[in-house]
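One structure is given below, encoded as structure tokens.
The values are calculated or read from the model by the stated rules, or taken from the named source; none is laboratory data. As the structure is a prediction and not an experimental result, all values here were calculated from the model. We place every Cβ from the backbone using ideal geometry, glycine too, and count neighbours over all the protein chains shown. Protein only, heavy atoms only, side chains kept; ligands, DNA and RNA dropped before computing areas. Shrake-Rupley method; radii C 1.70, N 1.55, O 1.52, S 1.80 Å.
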Protein chains: 2
Amino acid sequence: MNIYFSCSITGGRNDQPVYRSLVKALLEDGHSVPTAHLADENITLQEGIVEADEIYRRDVGWVTGCDVVVAEVSTPSHGVGYEIALAESLGKPVFCCYQIGSRVSKMILGNPSTLFHIYAYNTADDAVENMRVFLKTVENE
Amino acid sequence: MNIYFSCSITGGRNDQPVYRSLVKALLEDGHSVPTAHLADENITLQEGIVEADEIYRRDVGWVTGCDVVVAEVSTPSHGVGYEIALAESLGKPVFCCYQIGSRVSKMILGNPSTLFHIYAYNTADDAVENMRVFLKTVENE
């Protein structure tokens, strides 16, 4: 499937190793991930030189064209919150995950949509496993 | 007008004095602000005891019913990003402001919608003044 991976960039990169594990698993499973580069360690430098209007247009296009959004939400981010709501308004399934113990917005935790799945993980492997189960469900629908 | 005020809660409260100034000005000008309590100093305690699904349902209802969204975006927040995209999908005008020097997501800075206005302020008074100009424009349309 075509999967939009969404994670904090400007808001903080503490969870980058988990971003990398999620994207690695998606690519290994044969999915197309236009935002795979957002899991790179040096992405803040790379994305820092791209104009905001270009990033906005590019990312909205990718969300619009994707089958599923996968979002890591341990670190607060306006962009990720924006993309989750955008995906939802377009009828896309959304998988969200966060490290147990992270303080996550109740606007994320309380979303009752049947297209929205949220998972609190202990380890990156946990998160990957749960994501794979969710994506299988979407593929079989 | 009926104005949905949106600010970081779980993500951090460093900018709470500015939230208070914005909400105070809105109320002084006769607007109705269902989320006025989010500018209170002790809101994290108050909102902490409300269930996530209740906050989600309540806030989505308020965004749906409002005329304009006013968002302070100096501190990253999934909830605020979500509410901005939700408001946009419903055709609501959105006023965003942030303290000069804050690192703001390019998904916010690059939004080209004519309904979306973003302003970088030096002081809370600056932010209030610019917000008032924006709201006058909306009222006169």
Matching residues in segment A:26-44 - criterion: being within 13 Å of the chain's Cα centre (by Cα) and either in a helix (DSSP H, G or I) or more than 14 Å from chain B (Cβ to nearest Cβ) (or both): A:Leu26, A:Val33, A:Pro34, A:Ala36, A:His37, A:Leu38, A:Ala39
Of residues in segment B:17-32 being without any contact (Cβ under 8 Å) to a residue 24 or more places away in the chain and among the hydrophobic types (A, V, I, L, M, F, W, C), the one surrounded by the fewest Cβ atoms within 10 Å (Cβ to Cβ): B:Leu27
Meets criteria (free of Cβ contacts under 8 Å to residues at least 24 places away in the same chain and in a helix (DSSP H, G or I)) for B:Glu47: no
Looking only at segment A:63-77, and only at residues there that are within 22 Å of A:Thr137 (Cβ to Cβ) and assigned to a loop (DSSP other than H, G, I, E, B), the one that is nearest to the other protein chains (Cβ to nearest Cβ): A:Val73
Criterion (open to solvent by less than 40 Å² (accessible area, probe 1.4 Å), under 23 Å from B:Gly11 (Cα atoms) and among the hydroxyl-bearing types (Ser, Thr, Tyr)) met by exactly one of A:Thr75, A:Thr44, A:Thr35: A:Thr75
Members of segment B:95-137 that are open to solvent by 20 Å² or more (accessible area, probe 1.4 Å), in contact (Cβ under 8 Å) with a residue 12 or more places away in the chain and β-branched (Val, Ile, Thr): B:Ile100, B:Ile118
Subset of segment B:1-31 [hydroxyl-bearing (Ser, Thr, Tyr) and out of contact with any strand residue (DSSP E or B) (no Cβ under 8 Å at 6 or more places or on another chain)]: B:Thr10, B:Ser21
Test: residue in segment B:125-139 that is outside any strand (DSSP E or B) and more than 19 Å from B:Asp29 (Cα to Cα): no
Segment A:78-94, residues that are in a helix (DSSP H, G or I), more than 7 Å from chain B (Cβ to nearest Cβ) and open to solvent by 40 Å² or more (accessible area, probe 1.4 Å): A:Glu88
Count - residues of segment B:95-118 that are hydroxyl-bearing (Ser, Thr, Tyr) and within 8 Å of another protein chain (Cβ to nearest Cβ): 1
Candidate set: segment B:48-63, residues that are more than 21 Å from B:Thr114 (Cβ to Cβ) and either among the β-branched types (Val, Ile, Thr) or crowded, with 17+ Cβ neighbours inside 10 Å (or both); chosen: the one modelled with the lowest pLDDT: B:Ile49
